[in-house]
Amino acid sequence: MNIVAGGVETDLQMRTLAECGCPHLQGYLLSKPLSCPCSC
């Protein structure tokens with residue numbers, strides 16, 4: 001099962017999740033929300 005940790009906002013959160021084996025992250029630390037380039 002692939003798991004994505006959402007809401008990552010600090011470097012400590014990112015490091016802790018990586019140490020726990022969670023390689024997939026999303027949140028403001030990495031990028032602000034992006035709009036979809038298509039008109040889905």
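Laboratory data are not the source of any read-out in this text; all were calculated from the coordinates shown. In this text, all values refer to a predicted model and were calculated from it rather than measured experimentally. Ideal geometry is used to build each Cβ from the backbone, glycine not excepted, and the neighbour counts take in all protein chains shown.
Remark: pairs (first residue in region 1-16, on the phi < 0 side of the Ramachandran plot and in a loop (DSSP other than H, G, I, E, B); second residue aliphatic (A, V, I, L, M) and surrounded by fewer than 11 Cβ atoms within 10 Å (Cβ to Cβ); Cβ separation under 8 Å; 6+ apart in sequence or on different chains) = 8/30.
Being charged (D, E, K, R) and surrounded by 10 or more Cβ atoms within 10 Å (Cβ to Cβ), is that true of even one residue in region 18-36? There is no residue in region 18-36 that is charged (D, E, K, R) and surrounded by 10 or more Cβ atoms within 10 Å (Cβ to Cβ).
One residue is enough: does region 19-40 have a residue meeting the conditions part of a helix (DSSP H, G or I) and of a type in the set (A, V, I, L, M, F, W, C)? Scanning region 19-40 turns up no residue that is part of a helix (DSSP H, G or I) and of a type in the set (A, V, I, L, M, F, W, C).
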